[in-house]
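Please treat every number below as a calculation from the coordinates, not as lab data. As the structure is a computational prediction, the values presented were derived from the model and not from experiment. Here the Cβ is made from the backbone with ideal geometry for all residues, glycine too, and neighbour counts use every protein chain on show.
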Ligand code: CTP
Ligand code: MG
């Protein structure tokens with residue numbers, strides 16, 4: 001098929017001008033919206049690739065802010081089929097004009113130019129094809145348009161009172177890419193350089209040139225506000241592990257059993273303490289509080305408070321564990337080392353592990369209980385008491 005536009009013997013040259021020289025003030029943040037990333041790829045990179053990889057587009061020219069080249073190099077970089085960026089102006093219209101003038105000076109002046117917002121990265125190949133085809137068929141200007149679903153009223157902006165209700169059937173919301181015969185658009189921009197128009201089609205309209213519409217695409221939204229970006233990013237928030245440690249010691253006194261990691265173990269002495277003196281669970285409770293940065297066991301259960309006299313230490317541990325989800329975290333692993341010569345821990349280890357897993361609602365594979373002696377050295381070696389140390393890993 002030969003289009004009206006095609007010069008005999010040479011296929012039409014179709015260029016895409018991607019304007020990205022705005023500051024993205026409404027989105028805010030330190031980085032203009034076109035350089036922000038969606039699932040690890042910048043908005044502008046996505047937009048440029050949609051055009052450079054399209055079979056009907058021969059040339060792609062980005063237009064960027066005068067000071068944005070370092071950002072462009074960092075967040076877009078060299079892309080196959082994309083020209084070195086041109087420099088934009090203070091308004092979108094000036095940015096388009098600069099891009100058109102750059103194209104006009106290039107080796108092969110385009111027959112057709114598409115003007116597209118860099119901030120519309122969800123442009124589909126089908127929509128690009130629709131506007132290009134309509135232009136190749138001879139339309140002076142082609143814009144994507146979608147029906148309006150809200151009722152639109154004309155108001156008096158001074159009094160904010162309704163002037164009239166517009167006929168919705170005759171209203172369209174318009175998007176980019178807008179496609180034009182290159183010479184017509186360049187001429188319109190040169191002629192109306194002093195005017196201020198909100199899109200390129202308006203320049204042709206002002207020159208009484210007919211612009212046609214093709215079906216737009218609801219997906220082809222322009223990123224305008226910060227939630228437009230946040231809603232797009234499907235990558236889960238980054239969670240980092242935090243490891244807390246805890247250490248505790250209790251002295252022996254007269255008695256007939258010790259509590260260690262929630263298990264009652266017969267012994268010829270007991271551990272002295274305000275509560276049940278379960279040195280393993282105390283170290284572990286401190287490890288969890290440490291991972292959360294929530295102080296220590298004494299802050300939460302003061303030894304001066306008679307309420308905790310003789311208390312079973314599983315309550316302390318369960319309380320620390322309950323703070324983890326409250327702080328937005330997840331407990332993933334705990335490890336306890338008991339340090340003593342006697343009692344021998346080996347035959348109670350499995351029961352301790354099961355009990356700790358139960359208190360913490362963790363799978364047993366995420367719980368470790370170990371024991372060591374100190375080779376007869378120090379207070380544990382002299383059997384004066386028992387020490388315990390623990391770590392807890394929380395992702396948050
Ligand atoms: N644009 C441009 N040159 C300008 C202003 C805007 O090239 N002087 C581009 C933007 O980069 C964007 C498109 O025109 O791709 C549509 O503009 P808009 O959504 O208004 O973007 P910003 O002007 O960057 O955003 P804001 O108005 O919130 O500051
Ligand atoms: Mg703007």
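Here are the numbers for the structure shown:
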{"read-out": "Inter-centroid distance (Cα atoms) of the stretch 247-309 relative to the stretch 109-169, Å", "value": "71 Å"}
{"read-out": "Rg/Rh (Cα only; Kirkwood hydrodynamic radius) as it applies to the chain", "value": "1.32"}
{"read-out": "Degrees between helix 92-105 axis and first principal axis of the chain (Cα, 0 to 90, nearest 10)", "value": "60 degrees"}
{"read-out": "Potential extension, residue 332-residue 69 segment - 0.36 nm per residue separation minus Cα distance", "value": "90.2 nm"}
{"read-out": "Sequence of 345, 162 once ranked by neighbouring C-beta atoms within 10 Å, starting from the fewest", "value": "162, 345"}
{"read-out": "Rounded, prolate or oblate (a/c below 1.5 giving rounded, otherwise prolate when a/b exceeds b/c) for the stretch 272-396 by Cα gyration tensor", "value": "oblate"}
{"read-out": "Acute angle (nearest 10 degrees) that the helix 182-191 long axis makes with the longest principal axis of the chain, alpha-carbon atoms", "value": "90 degrees"}
{"read-out": "253, 56 arranged by Cβ crowding within 10 Å, fewest neighbours leading", "value": "253, 56"}
{"read-out": "For the stretch 35-119, radius of gyration divided by Kirkwood radius, i.e. Rg to Rh on alpha-carbons", "value": "0.94"}
{"read-out": "R0 of 30 Å, Cβ-Cβ distance residue 257-residue 396: FRET efficiency to nearest 0.05", "value": "0.20"}
{"read-out": "Computed [θ] at 222 nm, deg cm²/dmol, the chain (DSSP H ≥ 4; -39,500 (n - 2.57); rounded to nearest 500)", "value": "-8500 deg cm²/dmol"}
{"read-out": "Sequence of 270, 361 once ranked by neighbouring C-beta atoms within 10 Å, starting from the fewest", "value": "361, 270"}
{"read-out": "Pair residue 183, residue 226: separation of 7 Å Cα→Cβ label points (nm)", "value": "4.9 nm"}
{"read-out": "Full-extension gain in nm, residue 242 to residue 344, via 0.36 nm per residue minus C-alpha separation", "value": "33.5 nm"}
{"read-out": "Dimensionless Rg over Rh [the stretch 121-278; C-alpha; Kirkwood]", "value": "1.57"}
{"read-out": "Two-site label geometry, residue 167 and residue 149: point separation in nm, points 7 Å out along Cα→Cβ", "value": "2.4 nm"}
{"read-out": "Radius of gyration, Dmax [the stretch 262-318; alpha carbons; angstrom]", "value": "11.7, 38"}
{"read-out": "Peptides 318-324, 12-18, 332-338 ordered by average Cβ neighbours within 10 Å, highest first", "value": "12-18, 332-338, 318-324"}
{"read-out": "Helix axis angle, 279-292 relative to the chain longest principal axis, alpha carbon, degrees", "value": "20 degrees"}
